[in-house]
Amino acid sequence: MLVAGDTLTSESLSLADASGATGGQVRFNAAQSAAINGQINAIGSLKNGGAVAVSGNQSVTIGSTASLDASGALNGGSVQTYTGTAGLVALDGQLKANGASRQRRSGRRQRGTGTNIGGDALIEADHATRAPPS
């Protein structure tokens, strides 16, 4: 799923969902700024998590009510937020890419001037550990 435009905003109760047996892909590409306050899911219920990407040339804001989730039943997926060279990422919400067996990739790319991580922010890439063979 691709959502593109000059300025993109998702409200606090909104949902963009590309979940399935294997996680799908959700991309928010803003020419200027993106403000996410809702939920974006690309969860893999049987296999690997998918990919969630939010970009804005000038700024990306992940509000305190936002949740970006690319978790998977096996491996976690990818959650990325990024801006242009002079942009700013402000994170107060949740970024999740959990996996039951191991984490694949998660986090944030930043090409801009900085990242502000607020007190309510959560970045999560948990995975279960396996016991060594006996």
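Is it true that some residue in segment 46-64 is part of a loop (DSSP other than H, G, I, E, B) and of a type in the set (D, E, K, R)?
yes
For segment 21-65, enumerate the residues that are of a type in the set (S, T, N, Q) and within 17 Å of Glu11 (Cβ to Cβ).
Answer for segment 21-65, where residues must be of a type in the set (S, T, N, Q) and within 17 Å of Glu11 (Cβ to Cβ): Ser33, Asn37, Gln39, Asn41, Thr61, Ser64, Thr65.
Do you know which of the residues in segment 52-74 that are over 8 Å from the mean Cα position of the chain (by Cα) and polar (S, T, N, Q) is most open to solvent (accessible area, probe 1.4 Å)?
Among residues in segment 52-74 that are over 8 Å from the mean Cα position of the chain (by Cα) and polar (S, T, N, Q), the one most open to solvent (accessible area, probe 1.4 Å) is Gln58.
If you go through segment 2-21, how many residues are within 18 Å of Tyr82 (Cβ to Cβ) and either among the charged types (D, E, K, R) or part of a loop (DSSP other than H, G, I, E, B) (or both)?
Number of matching residues: 1.
Residue-wise test of (1) of a type in the set (S, T, N, Q); (2) under 18 Å from Ala121 (Cβ atoms); (3) assigned to a strand (DSSP E or B).
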position: Gly23; (1), (2), (3): no, no, no
position: Gln32; (1), (2), (3): yes, no, yes
position: Ile40; (1), (2), (3): no, yes, yes
position: Leu68; (1), (2), (3): no, yes, yes
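Name every residue in segment 1-51 that is among the acidic types (Asp, Glu) and open to solvent by less than 80 Å² (accessible area, probe 1.4 Å), in order of residue number.
Within segment 1-51, just Asp17 meets the criteria.
Taking the conditions exactly as written (over 13 Å from the mean Cα position of the chain (by Cα) and either open to solvent by less than 10 Å² (accessible area, probe 1.4 Å) or at pLDDT 85 or above (or both)), does Leu88 satisfy them or not?
Yes: the conditions hold for Leu88.
The values are calculated or read from the model by the stated rules, or taken from the named source; none is laboratory data. Only a predicted model underlies this, so the values are computations on that prediction, with no experimental measurement involved. As a convention, Cβ positions derive from the backbone with ideal geometry for all residues, glycine included, and neighbour counts pool all protein chains shown. All accessible areas refer to the heavy atoms of the entire protein, side chains included, with ligands and DNA or RNA removed. Shrake-Rupley method; radii C 1.70, N 1.55, O 1.52, S 1.80 Å.
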